1. Within the group N241, N255, which residue is under 28 Å from M209 (Cα atoms), among the polar types (S, T, N, Q) and not in a helix (DSSP H, G or I)?
2. If you check L239, L232, L181, which single one turns out to be in contact (Cβ under 8 Å) with a residue 40 or more places away in the chain and farther than 25 Å from S65 by Cβ?
3. Out of all the residues in region 13-22, is one or more more than 23 Å from T142 (Cβ to Cβ), out of contact with any helix residue (DSSP H, G or I) (no Cβ under 7 Å at 6 or more places or on another chain) and outside any loop (DSSP other than H, G, I, E, B)?
4. Regarding N255, is this residue of a type outside the set (D, E), surrounded by 19 or more Cβ atoms within 10 Å (Cβ to Cβ), under 22 Å from A46 (Cα atoms) and within 13 Å of ligand 1 (Cβ to nearest atom)?
5. Suppose the filter is more than 9 Å from ligand 2 (Cβ to nearest atom), part of a helix (DSSP H, G or I) and at pLDDT below 95; does D340 pass it?
6. Residues to consider are G245, G261, G223, G277; find the one that is more than 16 Å from ligand 1 (Cβ to nearest atom) and either surrounded by 22 or more Cβ atoms within 10 Å (Cβ to Cβ) or free of Cβ contacts under 8 Å to residues at least 60 places away in the same chain (or both).
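The values are calculated or read from the model by the stated rules, or taken from the named source; none is laboratory data. What you see is a predicted model; the values in this text were computed from it and never measured. Virtual Cβ from ideal backbone geometry, glycine too; neighbours counted across all protein chains shown.
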Amino acid sequence: MNKEWSDKNKKMQTLIGKEATFAEGIDVLVDLRNDLFTQISYIVDAYPEDAYYQMPFAGAEGYHSKTLAYSMWHIFRIEDIVAHTLIKGDEQVLFSGKWQKKIGSPIITTGNELVGDEIAEFSKRLDINALFEYCKAVMESTNELVRGLSYKDLKHKFSEEDKTGVLESKCVSTDEKAAWLVDYWCEKDIRGLIKMPFSRHWIMHIEAMCRIKDKLCLMARKGVDPIARCGLSCNHCFLKNWCGGCRTAYNTCSNAINCPGRVCPNSACCMEKGIDGCYECDELRGCRKGFYKYDDVNAIKAMALFIRKYGKKELLSVMDKLHKEHDFEKIQEILGDDIDEGFGILERCR
Ligand code: SF4
Ligand code: SF4
């Protein structure tokens, strides 16, 4: 489990366990949920449409065997049912916001009953932007709910009537893969529900989403030129788990995701000029477009100049050597801000 999330989760559990620190514990819970939700926002901002219904771990044991879209639906449907039908006894966000139609979902249940291809088919039907807005609405609504709790509320248990309310909502399938959920929730007190589903359930599914998207990026990069158009080596980039590179549909480079069509200025310019990369351009040295406008990432231009002189294969081998000899994340930590000095370091490493 991600250490930062796990530590925050443990801290939250300890703090809410004592009346004196309960309010602080709720702050930590909301903070943890915000951190986790940021991961979902990154994914939705960056990944192409087909990413949401791929099952790169189909058939595996565990949450990573699902899709990104299913994971989002499942986390927030469960939370919506528990927060509204079970705890508050009011209308779920799904219904009050008419989200089912906006999302295009054929079901109102948690999705536990779906298996194999059914998960991919279900995922294909969902409007991801609408689904993301629904997730956000549920998160905010639950944050409000937990902020309104008192220490005494933690021991609140649920009655047979509460359980009947959940069953009658028909939001949990009667299929044996799903039906157990009702007893599972109703046997807990509110403190137990804060753990599952309001915190730990998020951690487990969002970690699985990270595994899915890492694998999708890896698959997208397979057989693709690992040299980005600006001269960066995608094989050595510190974001290689997040990004498929600018020659794939899984390009999540920060320089690209805020540009029209998610194509960065360097890529757009290369394509317009009909060249493979900036290293083939006569204007390279003085160019200030895209990635080259930042003085603190001149290292990338040094790499492009190196490719122009020695070729891509040589750059990849020098990068392998540099990573063996030094412990670094970003290449500018080694090559610095000066283009000529950076180029010299690369040359000396040949
Ligand atoms: S700046 Fe552009 S060319 Fe360079 S890695 Fe990012 S998307 Fe690719
Ligand atoms: S002008 Fe700049 S961005 Fe365009 S291809 Fe040349 S070096 Fe790259």
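1. N241
2. Numbers: L239 fails: in contact (Cβ under 8 Å) with a residue 40 or more places away in the chain; L181 fails: farther than 25 Å from S65 by Cβ.
The unique qualifying residue is L232.
3. yes
4. For N255, the condition - of a type outside the set (D, E), surrounded by 19 or more Cβ atoms within 10 Å (Cβ to Cβ), under 22 Å from A46 (Cα atoms) and within 13 Å of ligand 1 (Cβ to nearest atom) - is met.
5. Spelling it out, it is not the case that D340 is more than 9 Å from ligand 2 (Cβ to nearest atom), part of a helix (DSSP H, G or I) and at pLDDT below 95.
6. Unique residue meeting the criteria: G223.
To keep it simple, each residue is scored yes or no on (1) out of contact with any Cys (no Cβ under 6 Å at 6 or more places or on another chain); (2) within 12 Å of ligand 1 (Cβ to nearest atom); (3) over 26 Å from Y52 (Cβ atoms).
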residue	(1), (2), (3)
V297	yes, yes, yes
I300	no, yes, yes
A304	no, yes, yes
K313	yes, no, yes
H326	yes, no, yes
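Rundown of residues vs (1) under 29 Å from H326 (Cβ atoms); (2) more than 16 Å from ligand 2 (Cβ to nearest atom); (3) assigned by TED's automatic domain parsing to the domain that holds M319, yes/no style:
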site: F238; (1), (2), (3): yes, yes, yes
site: W242; (1), (2), (3): yes, yes, yes
site: T248; (1), (2), (3): yes, yes, yes
site: C253; (1), (2), (3): yes, no, yes
site: R262; (1), (2), (3): no, yes, yes
site: M271; (1), (2), (3): no, no, yes
site: C278; (1), (2), (3): yes, no, yes
site: R285; (1), (2), (3): yes, no, yes
